[in-house]
Amino acid sequence: MPANLTPEYMEAERRFKAATTSEEKLAALEEMMATIPRHKGTEKMQADIKRRLSKLRTEQARKPVSRAGIIHRVEKEGAGQVALVGPPNSGKSMLVRQLTHATPEVADYPFTTRVPLPGMMKFEDIQIQLVDLPPVHPDFPESWLYQIIRNADAALLVVDLSDPDLLEDLETTLLQLEKAKVQVGAGAARSDTGWLVKRSLLLGNKLDAGGALESLEVLKDLYGARFETLPVSAETGQGLEELRLSAFDLLEVIRVYTKAPGKKLELTAPYILKRGSRLLDLAAHVHHDFLTQLKYARVWGHGKFEGQMVNRDYLLADKDVVELHR
Ligand SMILES: Nc1nc2c(ncn2[C@@H]2O[C@H](COP(=O)(O)OP(=O)(O)O)[C@@H](O)[C@H]2O)c(=O)[nH]1
Ligand SMILES: [Mg+2]
């Protein structure tokens, strides 16, 4: 089976080969792991990356920690990792406080947040990982910040609708991302090396505050074509339920439940798969034996399928219930 490697993966591999420090190697390997297509044809490569990663991590763990040049990273958990990206004081930490059990410090002065802090956000029956981050701003030039953003599955661009400098702040954030070769929003994909496209959503926070509605209109006028824009208030909770759903959409994953033949339908924790996955992809997740032994499956879901037989190429949909037969 051909490996079908993506340009993102090739770039990460190029960076790995060019890396001179173990930090750079680790960062590149993590990106390789995040971008390698997951199928039978790349299993050996995946195993190889995993082995190198764990070796490097072990080496790192043995090293004494030096204050200067400390690197932060956030291990992925749940259905996907979403980074909160934006200027200082836009309310990133408060959003993470409201949406997860994490308790980052919230304050009305900039640069309160100095380290990443993950928290798990519930959406229906799954958990999505949010990562609170220091501001994306020239005064916080740490490269690990951009590495975390690059490595995340998606980004929420958080701006303060009550801030008169809103547009300037957003431009500063976008410029910083551009310098880090992170492309956000709609537009022709950059083809020069190193660029990474990050699915993202523009969050207009502080909807409760004075002037917010006017700013929202301006924001939509200027950036509506580039970004889907969602107004929220971390303070009052307005828009936060929509935000959970939007974050899920942003991840472009589906939930698939399995059921054993002859057993009653009992919804357990779903498998999380990329949108566009087929029955065979699910089978590979459940057990590698299914890859060769799978004969057919029955599917219940989206009002159309009531235990209908489907073959290996069946395109899975969110909330499908699948019974695998071999
Ligand atoms: N009115 C209002 N204030 C908010 C909202 N979200 C955050 N804040 C305030 O904005 C300031 C900065 O919040 P913080 O979460 O620390 O911003 P960060 O720097 O982006 O993490 C704090 O004083 C918060 O209380 C909101 O939705 N409405
Ligand atoms: Mg903060």
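The values are calculated or read from the model by the stated rules, or taken from the named source; none is laboratory data. What you see is a predicted model; the values in this text were computed from it and never measured. Cβ coordinates were reconstructed from backbone atoms using ideal geometry, including for glycine residues, and neighbour counts include every protein chain displayed. Surface accessibility is based on the protein's heavy atoms, side chains included, excluding ligands, DNA and RNA. Shrake-Rupley method; radii C 1.70, N 1.55, O 1.52, S 1.80 Å.
Sorted from longest to shortest, the spans of the Cα atoms of segment 89-226 along the three principal axes equal 39, 35, 33 Å. Sequence-distant contacts, meaning Cα pairs under 8 Å at least 6 residues apart, place the relative contact order of the chain at 12 percent.
Over all pairs of different C-alpha atoms in segment 148-262, the reciprocal of the mean inverse distance, the Kirkwood hydrodynamic radius, equals 15.6 Å.
Per residue of the chain, the DSSP helices (runs of n ≥ 4 H) give a summed -39500 (n - 2.57) that works out to -11000 deg cm²/dmol at 222 nm. Database remark: amide H of Asp163 closer than 5 angstrom to no amide H (H placed geometrically; neighbours at sequence offset of 5 or more, or on other chains; Pro and chain starts carry no H).
Taking a probe of 1.4 Å, how large is the accessible area per residue of the chain, in Å²? Kindly include the intermediate steps, with their values, before the conclusion.
Values: 16870 Å² over 326 residues.
That works out to 52 Å² per residue.
Longer than 26 Å from Cα to Cα, which of Lys263/Lys304; Lys76/Lys304; Lys259/Lys304; Lys40/Lys295; Lys92/Lys179; Lys206/Lys274 are they? Say none if no pair is. Beyond 26 Å: Lys76/Lys304; Lys206/Lys274.
Here the Karplus curve 6.51 cos²θ - 1.76 cosθ + 1.60, taken at θ = phi - 60°, turns the phi angles of segment 146-156 into couplings of 6, 5, 5, 5, 4, 7, 5, 7, 7, 10, 9 Hz, with x standing for Gly and Pro. Using a 7 Å offset from Cα along Cα-Cβ at Glu171, what residues in segment 217-248 end up with backbone N under 15 Å from the label point? Inside the label zone: 219, 222-223.
Calculated on the Cα set of segment 143-210, radius of gyration then Dmax: 13.1, 43 Å.
The phi torsions of segment 260-276, fed into the Karplus equation with coefficients 6.51, -1.76 and 1.60 and a -60° offset, translate into couplings of 7, x, x, 8, 6, 6, 10, 6, 10, 4, x, 7, 9, 10, 5, 4, x Hz, rounded to whole numbers, with Gly and Pro shown as x. What the Kirkwood sum gives for the chain is a hydrodynamic radius of 21.5 Å, with every pair of different alpha carbons counted. Highest mobility in the GNM of the chain, judged by mean-square fluctuation with C-alpha springs under 10 Å and restricted to Arg15, Arg57, Arg150, is found for Arg57.
How many Å³ per residue does the convex hull of the Cα positions in segment 1-123 occupy? Display every interim value, and only then the final one.
Values: hull volume 18.5 nm³, N = 123.
Cα-based convex hull of segment 1-123, divided per residue, equals 150 Å³.
Largest GNM mean-square fluctuation among Lys304, Lys122, Lys50, using the chain with Cα springs under 10 Å: Lys304.
When the accessible area of the chain is computed with all protein chains present and a 1.4 Å probe, what percentage of it is carbon and sulfur? Walk me through the numbers on the way to the answer.
Working: 8810 of 16870 Å².
Exposed carbon and sulfur together represent 52 percent of the surface.
Structure remark: mean-square fluctuation, Gaussian network model of the chain, C-alpha springs under 10 Å; the largest value among Val159, Val299, Val136 belongs to Val299. Which shape class applies to segment 206-326: rounded if a/c is under 1.5, otherwise prolate when a/b exceeds b/c and oblate if not, where a ≥ b ≥ c are the square roots of the Cα gyration tensor eigenvalues? Verdict is prolate for segment 206-326. Shape analysis of segment 67-153 places it in the oblate category; the axes a ≥ b ≥ c from the Cα gyration tensor give an a/c of at least 1.5, with a/b not above b/c. Near the amide H of Thr258, within less than 5 Å, lie the amide hydrogens of Thr268, Tyr271, Val322, all on another chain or at least 5 residues away, with H placed in the peptide plane.
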